[in-house]
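The values are calculated or read from the model by the stated rules, or taken from the named source; none is laboratory data. For clarity, every value in this text was computed on a predicted model and none was experimentally measured. Glycine gets a Cβ as well: all are built from the backbone with ideal geometry, and neighbour counts include every protein chain shown. When the accessible area is computed, the model is the full protein with side chains, heavy atoms only, and any ligands, DNA or RNA have been set aside. Shrake-Rupley method; radii C 1.70, N 1.55, O 1.52, S 1.80 Å.
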Amino acid sequence: MTNRWLLLCCVWCCLLGWGTHRLSAQNLIPQPAHIDTLPGTFWLSAQTTLDARAFPDLSDYLNLHIEKGYGFRLETASSSLSTGRIVLTEDQTLPSEGYSLRITPTEISIRGGSRAGAFYGLQTLFQLLSPAVYGQSDTPASGQPTPLGCMAIDDAPRYPYRGVMLDVARTFFDRATVMRYIDWLSRHKINKLHWHLTDDDGWRIEIKQYPDLTAKGAWRGPGEVCPPAYGSGEKRYGGFYTQEEIREIVRYAAFRNIEIIPEIDLPGHSRAARAAYPEIFCKSPTTLEPELMRNVWCAGREENFDMLRHILQEVADLFPSPYIHIGGDEVSYRYWRACPHCKALMHRHGMKNATELQGYFMGRLENIVHDLGKRCGAWNEVLKSKSDTTMLIYGWEDTDICREAIQKGYSLVAMPASYLYIDMKQGPDERGHSWAWWVDTRRVYSFDPGSLATGPSEARLIRGVEGAQWTELMSLPPRFLEYQGYPRICALAEVGWSQPSVRNWEDFYRRLTTGHLDRLSAMGIAFRLFPPEVTYRNGTLTASSPIPGTSIEYTTDPDWLTAEYQPYTGPITDTQPERYAFRTHYKTAYSPGVPAMQTRTLSLAPHETRKVEFPLNEIVDREGIWFLSVMPEHDNTRINQLSVSGADTTYSIIRYGQRANPFGNLRVYIDERNRNATATLTLTNNNDLENRIILAWRPSPYLEPEVKLSSSMGFAKRFPVSGTTDYNMGTYSRTSRTCRTGDYVLYTFDEPVECRSIEIRTGLPDVTRYIITQGSVDYSADGTAYTHAGTLDDSGRFMLYPQYPVKSIRIRIGGGNGEPLVALQDLRIRR
């Protein structure tokens, strides 16, 4: 009886497993070109054999995954008589990176157009198996046979270039981290790593002929020639890759079919090179900018081209890629215009302006690179200064510049910032840049490179796509590289690989949340989850998760970034919803903390104008400032008007129109005169695409007492004190000079303020730039006697939890910040 019961249990478990693996066939990312479900089941077991004679180096790779997931290895055998086997073969009739995967009751066959195709066939097979094959499972492998539903998959990539740019100059990642990053990319059929190795704040590649590039240029902090930057703080920070480490990383990537394209950013973004070899820069007047801040190689110094030839020779020897990316972006011409060497060069060659001088500089670099047997990649700025079409253009500024590149006949890697810069904010309250747009996973997925071309000849010039992971913001929170990258890189992978006919956001979201997030977790990625939906109505906060199998947590700590969260078990009754933040949690992953909102989603047709009305008594439940956020999917959206009208009041908040900004809150002050009024919002979608717009109401979490700001540094005319005292969190002030020991910043309230917390932020909003790196924070009840509260952290930030009403806050500065100025933001004073 016992044996029969065990047998039935085994059969039942197998049937459950069979169903799970059938389902997983529909959770593949990126989506294959064609999938057919076939009758029958293949049983993977310790008796299954492996024939990988066509690609012997993939044999151990496959077995390593099988062993991690199932606890056994496959014996190699070439006999076709085996009743259960996996076979890897080459089929040159397939595209080079294409593959055919067939699962029958007796065989799993992977045919690859080349080794690359076979490798990608294995990645698809791994997604059909247990997530444990990725090696991060806490559950011991059972060693039991596993069923796989029979199917046929035929697949090949849409574009030959599917890349991610990783910036290691601003934030340095060690060899092991880079190799993990490469492994994760390969799981998603990404085949290019554009490695941004040099910039103003770090030189990361060993050049043996010029050892000071790393001995000096790879480090920043006290006593270093490079000052602190981007939250590196008052400690020695940095690192570099030896040439042997680079060779190891290149081999590791090549095995995974990833080509590493090195970038040496020239002639600008070169402050770290200047730190090591100051003579390479223009001898221009010091009134332009402090010598420390200059970052453009002198174009008129012939010795510089000899030096660059030696540098690029060593780079070319390390990287098998046919390309070297030579930068060309954001070059400041003011040094060249003031430099006697550059002016003399321009005169000799009859150049009319500095733009032509940049064309000369990039042309010299391109000749060097061609002499080394390589081709050049460059940022889209070179379109202004070059007339030939030999460079591979990386179009980052916008879609218009991408179109211009292919119209001029250049090959293009499309990476417009408003779609594919994965250092941008993923939501209004998140950490990240905001200058390009709100770039969440859905935004990445919505990009179609094919829309850039007007015909077949232009379409052929689009080599592919690339996501850019710049790293100015990596100081907080931990593992932010992974949080920023995933699942946005999953969406990017499908943009570059899958044909438009099989791409659909709702289907991608389903595949991602019902299967692929488990794989990301099994890979050990601390990815970003989609946040919960949180509503507040009639004194009750209610949260729900958009992802099956995840939990919800909440906190009332004002510091949402570092707070401890507790489990959410059901609706919470409280009339102060602004004190709460909620997030989704699952294993290593979490979402941002989000506040409660009352939301409405609109879909506006192309060029449609619509009026939306909000009866305020259905939204607001108390007096004070309420925020209305307008969050459109596409950036060319206009708010024509926002007005409030009722029996006791009528007024306009926006009368003449303004651009909709998802990061800017519209403010409505609620009192007894307008609580029963109606707010009317008129919007226009100025896009050729349907525009999904989220409208969200919530009470302001902040107090806004009158405050005065003063400093020993003074303030710049273009960024006055008002930028830090208007409680507009998108504005800021800048000082007229940098900070020094003994400087101070002082906030003084008209009346003492009683509050839970005051968050002090220095630097640009959400960017660790122009911060105070050495700041001691004190506060006072009377403006005379001060209590020491603590010091600013590495991001120039401090959370003050006052023990008494605050009259003034003082920052005492203990040294310079290595930058030409200091930026100050509004205080965030929580109720």
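Quote to one decimal, in nm, the extra length available between Arg251 and Asn538 on full extension: 0.36 nm per residue of separation minus the C-alpha distance between them.
Working it through step by step, the gained length comes to 97.3 nm.
Counting only C-alpha contacts under 8 Å and six or more residues apart, can you give the relative contact order of the stretch 675-762 as a whole percent?
Computed over the stretch 675-762, the figure is 29 percent.
What percentage of all Cα-Cα pairs in the stretch 701-831 are separated by more than 19 Å?
I get 42 percent for the Cα pairs in the stretch 701-831 exceeding 19 Å.
Per the Kirkwood formula on distinct C-alpha pairs, the Rh of the stretch 379-494 is how many angstrom? Let's see the in-between values first.
Details: mean 1/r = 0.0679 Å⁻¹.
14.7 Å is the Kirkwood radius here.
Nearest 0.05, what FRET efficiency do Ser457 and Asn367 give at R0 = 35 Å with Cβ-Cβ as r?
0.80
What is the antiparallel percent of DSSP beta bridges lying wholly in the stretch 521-598, to the nearest 5?
95
Roughly how many percent of the accessible protein surface of the chain is carbon and sulfur, given a 1.4 Å probe and a whole-percent answer? Please list the in-between numbers first.
Values: 16260 of 32310 Å².
Here it works out to 50 percent.
Can you give the FRET efficiency for Leu689 and Ala781, using 1/(1 + (r/R0)^6), R0 = 51 Å, r = Cβ-Cβ distance, to the nearest 0.05?
Efficiency, rounded to the nearest 0.05: 0.40.
On each of the three principal axes of the Cα atoms of the stretch 559-644, give max minus min coordinate, whole Å, ordered largest first.
44, 34, 22
Multiplying the sequence separation of Trp435 and His310 by 0.36 nm and subtracting their Cα-Cα distance, what value in nm do you get?
41.3 nm
Under a crude label model (7 Å from the Cα following the beta-carbon direction), how far is Asn676 from Arg718 in nanometres?
Result for the modelled spin labels: 5.1 nm.
Name the trypsin sites (Lys or Arg not before Pro) in the stretch 603-668 that are in a loop by DSSP and that have at most 16 other C-beta atoms within 10 Å, would you?
Arg622, Arg655
Can you give the helix-only mean residue ellipticity at 222 nm for the chain, where every DSSP H stretch with n ≥ 4 adds -39500 (n - 2.57) and the sum goes over all residues, rounded to the nearest 500 deg cm²/dmol?
-6500 deg cm²/dmol
Can you compute the modelled spin-label distance between Arg740 and Thr83, with each label point 7 Å from Cα toward Cβ, in nm?
8.7
By Kyte-Doolittle mean hydropathy of at least -1.0 and Cα axial length of at least 27 Å, which whole DSSP H helices of the chain are selected?
Qualifying helices: 2-24.
How many angstrom lie between the Cα centre of the stretch 714-793 and the Cα centre of the stretch 420-475?
34
Quick check on the stretch 604-735: take the gyration tensor over C-alpha atoms, sort the square-rooted eigenvalues as a ≥ b ≥ c, and tell me if it's rounded (a/c under 1.5), prolate or oblate.
Taking the square roots of the gyration eigenvalues as a ≥ b ≥ c, the stretch 604-735 is oblate.
Suppose R0 equals 60 Å. What FRET efficiency, 1/(1 + (r/R0)^6) with r the Cβ-Cβ distance, do Ala152 and Arg600 give to the nearest 0.05?
FRET efficiency, Ala152 to Arg600: 0.85.
Given a 1.4 angstrom probe, what's the average accessible area per residue across the chain, in square angstrom?
Computed with neighbouring chains in place, this is 39 Å² per residue.
Output the relative contact order of the chain, whole-number percent, from Cα pairs under 8 angstrom with separation of 6+ residues.
Once normalised by length, the contact order is 9 percent.
When a/c reaches 1.5 or more, the comparison of a/b and b/c decides; with that in mind, is the stretch 217-326 rounded, prolate or oblate per its Cα gyration tensor?
Oblate, since a/c reaches 1.5 and b/c is not below a/b.
Could you work out the per residue convex hull volume over the alpha carbons of the chain, in cubic angstrom?
190
Treating only the Cβ of Lys, Arg, Asp and Glu as charged (+1, +1, -1, -1), what charge dipole size does the chain show about its Cα centre? Round to the nearest 20 debye.
460
Within the stretch 186-300, what percent of beta bridges assigned by DSSP are antiparallel, to the nearest 5?
40
Please list, ordered by chain and number, the residues whose modelled amide H lies under 5 Å from the amide H of Glu107; skip anything fewer than 5 residues away on the same chain.
Counting only residues 5 or more places away or on other chains, the set is Arg85.
Which percent, nearest 5, of DSSP beta bridges in the chain are antiparallel? It would help to have the intermediate numbers written out before the result.
Details: 116 of 163 bridges.
Of the beta bridges lying entirely in the chain, close to 70 percent run antiparallel.
Could you calculate the contour length gain from Asn728 to Asp507, that is, 0.36 nm times the residue separation minus the distance between their Cα atoms, to one decimal place in nm?
75.7 nm
Can you give me the distance in nm between label points at Tyr651 and Arg667, each placed 7 Å from the Cα along the Cα-to-Cβ direction?
1.2
Within the stretch 181-230, list the trypsin sites (Lys or Arg not before Pro) lying in a DSSP loop whose Cβ has at most 15 other Cβ atoms in a 10 Å radius.
Counting only loop positions with at most 15 other Cβ atoms within 10 Å, the trypsin sites (Lys or Arg not before Pro) in the stretch 181-230 are Lys208.
Quote the relative contact order of the stretch 713-753 in percent (integer), defining contacts as alpha-carbon pairs under 8 Å separated by 6+ residues.
Value for the stretch 713-753: 41 percent.
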